[in-house]
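The values are calculated or read from the model by the stated rules, or taken from the named source; none is laboratory data. These figures come from a predicted structure and were not determined experimentally. FYI the Cβ positions are ideal-geometry reconstructions off the backbone, even for glycines, and counts take in every protein chain you see. Keep in mind that these areas ignore ligands, DNA and RNA; they rest on the heavy atoms of the full protein, side chains included. Shrake-Rupley method; radii C 1.70, N 1.55, O 1.52, S 1.80 Å.
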Amino acid sequence: MTPVHRADQTEGNPKEHVRHDWTRSEAEAFYELPFADLTFQAQSIHRRNFDPNHVETASLLSIKTGGCPEDCGYCSQSAHYDTGLKATRLLDQADVVATAQRARDAGATRFCMAAAWRNPKNRDLDQVCEMVSAVKALGMETCVTLGMLTPAQAARLGDAGLDFYNHNVDTSPEFYDKIISTRTLQDRIETLAQVRDAGIKVCCGGIVGMGERVEDRLGMLVLLANLPSHPESVPINLWNEVKGVLVNDTAERPDPIALARLIAVARIMMPQSVVRLSAGRQYMTDELQALCFLAGANSIFIGDVLLTTKNPQRERDAGLLDRLGIKSRLNQSKSTRSQRQARV
Ligand code: SAM
Ligand code: DTB
Ligand code: SF4
């Protein structure tokens, strides 16, 4: 039978019916639909919940790079692998705020600060809280990703006014142990609960292209969609190649159509979450990105670097959004417009 996602039609309740009891076989049935049927459902749900011609723009900064004690098998920053990356100390607040300001002026609405920690020390957290307040004062949404948190640490970030905490499940429960051994999936789920309890919005997703099967990718979406509340942001990262790490032995970039299908299934199962095409966009053609936007992706990272790896050039992104008639702060920001006009 063709699976159909039904909106809650109750009069006076225009809200989408948000489910937390998805099964793998339902996810598989959506995934295997003829492409036109799958994307039609995804796009219909997208339109009920979002402006289909708008994409959110976030910017990333690594505030503490490398030397991480975790052994995440995909990551350039793990001290378990020789990736040639130089470890740094926590950046100064003034540098972070200056970078955030440039990101805002270049069209980012959210600023995400990432640290290569297993968990933050309390004295480091003091500094991060100050960064959060200062970036918020620029009028940007704030996000941090610092590893595991205690309830008290989550509460302090909440008091500092933090909008989002990013903490990914990364992959399916079955594949998880093949890529990470120093932190369990359950540890991650507990941190997500602390973040929720502190009233902070959750950004949680994962990575594809590490050698996982399609079942793992769908298993990851089912895990996310069955969390007690759907993450407000769902980043889908395509593994950005890093030499020297574990997953080099197994990595395989997904077929582009498979990626668009995955985005569509994420949109259907988490109808009100913002789905971000995160790392790995530099491997995608403009056409694939357009398909992913049609399938329900509505956020991107902008800027020429992510944390330690590359991202498409700002100009290429602005041009693509223009060609698709997509509105965002990137292609509407004064600095991007004036640079492009100067080139015509
Ligand atoms: N250290 C913190 C943690 O892992 O909780 C935060 C930073 S970590 C870089 C954030 C996320 O980035 C990871 O969970 C992973 O999903 C993603 N990531 C890291 N390296 C990546 C890569 N090479 N390609 C794609 N995504 C990556
Ligand atoms: C997420 O899911 N993707 C971002 C953000 N959360 C912190 C990180 C992508 C990192 C890509 C690899 C790098 O640049 O080091
Ligand atoms: Fe450390 Fe985060 Fe990289 Fe894992 S993903 S090694 S926790 S920086």
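Lone cysteines in the chain, going by a 4.7 Å Cβ-Cβ cut-off?
C68, C129, C203, C204, C292
Once you sort the root eigenvalues of the Cα gyration tensor of segment 103-180 as a ≥ b ≥ c, which label holds: rounded (a/c under 1.5), prolate (a/b larger than b/c) or oblate (the other case)?
oblate
May I have the count of lysine pairs in the chain with C-alpha atoms under 20 Å apart, counting pairs 8 or more residues apart or located on different chains?
Lysine pairs, 8 or more places apart or on different chains, close enough: 10.
With the dipole of segment 22-336 worked out from charges on the C-beta (+1 for Lys and Arg, -1 for Asp and Glu) around the Cα centre, which of P151, T171, L60 lies farthest toward the positive end?
L60
So what is the diffusion coefficient of the chain in µm² per second by Stokes-Einstein at 37 °C and 0.692 mPa s, using a Kirkwood Rh over Cα pairs?
Calculated translational D: 161 µm²/s.
Rounded to the nearest 20 Debye, what is the dipole magnitude of segment 22-336 about its Cα centre when Lys and Arg each give +1 and Asp and Glu each give -1 at the C-beta?
Magnitude of the dipole: close to 740 debye.
Quick one: with all protein chains in place, what share of the accessible area of segment 22-336 is carbon or sulfur, to the nearest percent (1.4 Å probe)?
Its accessible area is 52 percent carbon and sulfur atoms.
Could you compute the net charge surrounding I200? Neighbours are other residues with a C-beta less than 13 Å from the C-beta of I200; K and R count +1, D and E count -1.
Charge balance near I200 sits at -1.
Return, ordered by residue number, the residues of segment 77-114 whose backbone nitrogen is under 13 Å from a label point located 7 Å along Cα→Cβ of K121.
Those under the cut-off are 89-90.
Classify segment 100-242 from the C-alpha gyration tensor, please: rounded if a/c falls under 1.5, else prolate or oblate depending on whether a/b exceeds b/c.
prolate
Tell me which of T184, L138, A160 sits at the most positive position along the dipole axis of segment 22-336, charges placed on C-beta atoms (Lys, Arg +1; Asp, Glu -1).
Of the listed residues, the answer is L138.
Counting only helical runs of four or more DSSP H residues, what would the 222 nm mean residue ellipticity of the chain come to if each run contributes -39,500 (n - 2.57) and the total is spread over all its residues?
Rounded to the nearest 500, it is -12000 deg cm²/dmol.
Given a Förster distance of 25 Å, report the FRET efficiency between T88 and N248 from their Cβ-Cβ distance, rounded to the nearest 0.05.
For R0 = 25 Å, the calculated efficiency reads 0.55.
Tell me, how many Å apart are the Cα centres for segment 233-281 and for segment 70-86?
A separation of 20 Å, based on Cα centres.
Rounded to the nearest whole Å², what accessible area per residue is found for the chain with the 1.4 Å probe?
Value returned for the chain: 43 Å² of accessible area per residue.
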